[in-house]
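Below is one structure, written out as structure tokens; the observations come after it.
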Amino acid sequence: MFSHDFWTSSSCHVALNPHRPNDADGLLEFALEQGWESKCFFQTSGSEGLPKWVVLSKEAFLISARAVNAHFQITTADRWLIALPLHHVGGFSIAARVHLSGSSYVQHAGKWHPQEFVDLCDRENVTLVSLVPTQVHDLVIERLSCPGQLRAVIVGGGAISEGLVKSARSLGWPIFQSYGMTEAASQIATQSLHSKEDAGLEVMPHWKVSTDAEGHLLLSGPALAEGYLKKSDAGKWVWSAIGEVFATRDLVSLRSEGALTFLRFIGRESGVIKILGELVHLAPLQERLDQIALQEGSLSRPIIVALPDARREMKLVLVVDSGDPELWLSRFNVGVNRFCQITEIRQISVIPRTDLGKVDHVALKGLLS
């Protein structure tokens, strides 16, 4: 995976998506021109469609890894399964945890397949793994039980519904929810091994967190990214620094309990729209739809998209790529406030998603337009 010397060397690392190799053209050359050393570059899943890279130091990953290793009491006896791409922070950060803890690892190669994943966990005596909600959904739909030696499944990369968590735990999967972002070199807050399920996520000790007047998370700490690289229209790389405090677009609530701080993720600013003058939050509506999909045993995960509407300002559209869309619509709209009801169905061949299972909104907008 990475040599022992990687973490102390001055070399830079570009976490290149093998499906989009041209997005980093000229990036390393620019870094060399700036005299940068020991930097890691990770592409974000932004909505603007142009390559945008987060610049993190290797030390940021090691700081994060120390906190996660302590949080989950990771030792040399543990064995990781890397089931996330290494060109995403979720997969790459495991390499830093392995390096510091002396734990071993095995990597899941090839396309994701739930049964193969379970068999590999069992065969390799895996004790720790990081997954995204889409992967947990697949395990639950196929009713796959957790191998007995697996002690923690850290779920990040997107919001996971309470219903999905309960269903996974009923099959024995030890789910621990986490909240993080690329700019934080992985986790910001993670469910504790010992706290109550409704306590929220425990903020990692290397972070200082607060909120602004609107409830957006303000983040500072030694593992914070240094800034962004983005290509201009002329094709030149442009640098913009983040600064000491990162003002996120995430809405959260914070609660202190002694020396600990607990975080609860509410939603993203971009997930709030207006319909007929009323504010509508998309996150709980998508969670409702995800729960219906779970109850129906659907392998597909339909999504809700907000599109402009001449009369209503915005309208909620159900986008599906399989199943009975009328059934989805009727079940969703029962008992829902009229402002939150889905008013249109769009059926497409395949809902475009990233390799982490997130909806590729840039590609989807192109399809819907």
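The values are calculated or read from the model by the stated rules, or taken from the named source; none is laboratory data. This is a predicted model, so every value here is computed, not measured. FYI the Cβ positions are ideal-geometry reconstructions off the backbone, even for glycines, and counts take in every protein chain you see.
Inside the stretch 257-285, residues that are more than 17 Å from Thr190 (Cβ to Cβ) and either in a strand (DSSP E or B) or without any contact (Cβ under 8 Å) to a residue 60 or more places away in the chain (or both) make up a count of 18.
Filter the stretch 1-41 down to the residues that are in a loop (DSSP other than H, G, I, E, B), modelled with pLDDT of 90 or more and of a type outside the set (S, T, N, Q), then identify the one that is nearest to the chain's Cα centre (by Cα).
As a first pass, look at the stretch 1-41 and keep what is in a loop (DSSP other than H, G, I, E, B): 1-3, 8-12, 16-20, 25-26, 35-38.
Still in the list and also modelled with pLDDT of 90 or more: 8-12, 16, 25-26, 35-38.
Filter once more, so that each one left must be of a type outside the set (S, T, N, Q): 12, 16, 25-26, 35-37.
Working: Cys12: 24, Leu16: 18, Asp25: 25, Gly26: 27, Gly35: 31, Trp36: 28, Glu37: 27 Å.
Of everything passing the filter in the stretch 1-41, Leu16 is nearest to the chain's Cα centre (by Cα).
Screening the stretch 332-342 for residues that are part of a helix (DSSP H, G or I) and either closer than 10 Å to Leu285 by Cβ or in contact with an Asp or Glu (Cβ under 8 Å, 6 or more places away or on another chain) (or both) and picking the one that is modelled with the lowest pLDDT gives Phe339.
Per-residue answers, yes or no, for (1) outside the structural domain of Ile342 (by TED's automatic domain parsing); (2) buried (at least 16 other Cβ atoms within 10 Å of the Cβ); (3) touching a Leu at 6+ places or on another chain (Cβ under 6 Å); (4) among the charged types (D, E, K, R):
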{"position": "Pro284", "(1), (2), (3), (4)": "no, no, no, no"}
{"position": "Ala293", "(1), (2), (3), (4)": "no, yes, no, no"}
{"position": "Arg311", "(1), (2), (3), (4)": "no, no, no, yes"}
{"position": "Val317", "(1), (2), (3), (4)": "no, yes, yes, no"}
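The helices (runs of 4 or more DSSP H) located wholly in the stretch 80-179 that include 2 or more residues which are in contact with a strand residue (DSSP E or B) (Cβ under 6 Å, 6 or more places away or on another chain) and outside the structural domain of Arg353 (by TED's automatic domain parsing) occupy 89-101, 162-170. What about Val362, is it modelled with pLDDT of 90 or more and at negative phi? Spelling it out, it is not the case that Val362 is modelled with pLDDT of 90 or more and at negative phi.
Any idea which of Val140, Val89 is crowded, with 23+ Cβ neighbours inside 10 Å and β-branched (Val, Ile, Thr)? Give the derivation first.
On the way: Val140 fails: crowded, with 23+ Cβ neighbours inside 10 Å.
Among Val140, Val89, only Val89 is crowded, with 23+ Cβ neighbours inside 10 Å and β-branched (Val, Ile, Thr).
Note down all Cβ pairs under 8 Å where the first residue falls in the stretch 16-45 and is closer than 16 Å to Lys230 by Cβ and not assigned by TED's automatic domain parsing to the domain that holds Asp360, the second is in a loop (DSSP other than H, G, I, E, B) and β-branched (Val, Ile, Thr), and they're at least six residues apart or on different chains. Taking only residues 6 or more apart or on different chains, the pairs are Ser45/Thr354.
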